[in-house]
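Reviewing the structure listed below.
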Amino acid sequence: MKKYTMETAVGIFLVFGLLCVGYMTVKLGNVNIFGDNAYPLFARFTTVTGLRIGSLVYISGIEVGRVESLAIDQKNQKGVVRMRIQKGIQVYDDAIASIKTEGLIGDMHISIDPGGAGPLLKSEGSITETQPPLDIADIVGKYAFGEIKKP
């Protein structure tokens, strides 16, 4: 009888451990099991240096989505960013998307100025006004070699 008690305890512990691993996988992997509460938007940048899949998307400093994929538009020679934006967040046709840095050497993220003068962007819509990331190394190099004039 004692043998079965030990096997039952080990089995319960194993099932509990597997449930914990499954929960953490879903939470950390940003997997939606019960439906998707986001819609896709696109933006085209001249360069997407430093941006990666899973990078955050902010509007007014508030996290509203993530970068879903990065691709190249061969026709226009631009980087295409597909973002997932939370439903209920309104982005207008005149929105501006820019790639920013978290701190001096931090991760890159997308910051969206949502606009407000044009019509609302629908699912699969595209933000046409974009600003590429600022290249700090290029600016420091220009300053170091005297290409930037002192005021």
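The values are calculated or read from the model by the stated rules, or taken from the named source; none is laboratory data. Remember, predicted model here, so these are calculated numbers, not experimental data. Please note: Cβ atoms are built from the backbone with ideal geometry, for glycine as well, and neighbour counts cover all protein chains shown. Note: accessible area is taken over every heavy atom of the protein model, side chains too, but ligands, DNA and RNA are not part of it. Shrake-Rupley method; radii C 1.70, N 1.55, O 1.52, S 1.80 Å.
Structural remarks
- Rounded accessible area of residue 100 (nearest 10 Å², 1.4 Å probe): 90 Å²
- Rounded to the nearest 500, the helix-only mean residue ellipticity at 222 nm of the chain stands at -8000 deg cm²/dmol, with each DSSP H run of n ≥ 4 adding -39,500 (n - 2.57).
- Checking every one of the GluC sites (Glu not before Pro) in the range 66-151 against DSSP loop status and a limit of 13 other Cβ atoms within 10 Å picks out 102, 124, 147.
- Per residue, in Å², the accessible surface of the range 39-120 once ligands and nucleic acids are set aside, probe 1.4 Å: 54 Å²
- Potential lengthening of the chain between residue 8 and residue 89 amounts to 24.3 nm, from the contour at 0.36 nm per residue minus the alpha-carbon distance.
- Distance between modelled label sites at residue 82 and residue 128, nm, 7 Å Cα→Cβ extension: 2.3 nm
- Equivalent-ellipsoid semi-axes for the chain (Cα gyration tensor, √(5λ), whole Å, largest first): 43, 23, 13.
- Relative contact order for the range 43-151: 28 percent, from Cα pairs under 8 Å spaced at least 6 residues apart, divided by residue count.
- With both residues required to sit in the chain, DSSP beta bridges show an antiparallel share near 75%.
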